[in-house]
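The values are calculated or read from the model by the stated rules, or taken from the named source; none is laboratory data. Keep in mind the model is a prediction, meaning the values are calculated, not measured. All Cβ positions, even for glycine, are placed from backbone atoms using ideal geometry, and neighbour counts span all protein chains on display. Just the protein is used for accessible areas: all its heavy atoms, side chains included, with ligands, DNA and RNA removed. Shrake-Rupley method; radii C 1.70, N 1.55, O 1.52, S 1.80 Å.
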Amino acid sequence: MNIAILTGNLGGKAESSVFSNGNTKYSFSMATSGGYTDSEGIWQDQTEWHRVETIVSAKATQKLHNYYANGLTKGAKVSVNGMSRTSKWQDKNGVDQYKRFISVEYSNGGVIEILTPIAGGQQTAENTAEDVPF
């Protein structure tokens with residue numbers, strides 16, 4: 001089973017781009033923290049960076065888009081439930097390039113929950129029938 005569950009902080013405001021079909025892709029980097037005790041008994045912090053992407057259908061309500069636009073800001077604490085993905089392409093020199101990321105797909109149970117209070121009030125994006133992003 002391919003499941004990735006992460007809780008961490010955004011490294012910057014989410015980027016968004018709109019496709020010709022009206023769907024919007026939101027992507028952001030998030031840091032997760034952890035660590036270990038080294039051989040001398042000293043705690044060593046470790047930060048891992050992850051790329052997260054989700055595509056929201058043009059059929060989704062403006063409420064969901066506002067939730068992401070207002071809540072996915074630098075430093076915001078988020079919880080992500082998605083799947084690990086790898087995309088592959090060739091650069092202009094014909095060399096294979098790879099990108100690893102967490103894909104949040106609502107149709108597969110994925111979700112992005114913003115844990116930091118959002119300016120302007122809306123804290124959650126409840127999934128009512130008209131909010132479903134696909």
Let me confirm something: among S33, S57, S27, which residue is open to solvent by less than 50 Å² (accessible area, probe 1.4 Å) and at pLDDT below 95? S57
Can you find even one residue in the range 7-24 that is within 15 Å of V111 (Cα to Cα) and either open to solvent by less than 90 Å² (accessible area, probe 1.4 Å) or out of contact with any Pro (no Cβ under 8 Å at 6 or more places or on another chain) (or both)? yes
Any chance you could count how many residues in the range 55-104 are in contact with a strand residue (DSSP E or B) (Cβ under 8 Å, 6 or more places away or on another chain), farther than 16 Å from F28 by Cβ and charged (D, E, K, R)? 3
Of all residues being assigned to a strand (DSSP E or B) and among the aliphatic types (A, V, I, L, M) in the range 7-36, which is farthest from the chain's Cα centre (by Cα)? Just the residue, please. V18
Could you tell me whether N2 is in a loop (DSSP other than H, G, I, E, B), in contact with a strand residue (DSSP E or B) (Cβ under 6 Å, 6 or more places away or on another chain) and either without any contact (Cβ under 8 Å) to a residue 60 or more places away in the chain or of a type outside the set (G, A, S) (or both)? yes
Being without any contact (Cβ under 8 Å) to a residue 60 or more places away in the chain, within 16 Å of the chain's Cα centre (by Cα) and part of a strand (DSSP E or B), is that true of even one residue in the range 62-84? no
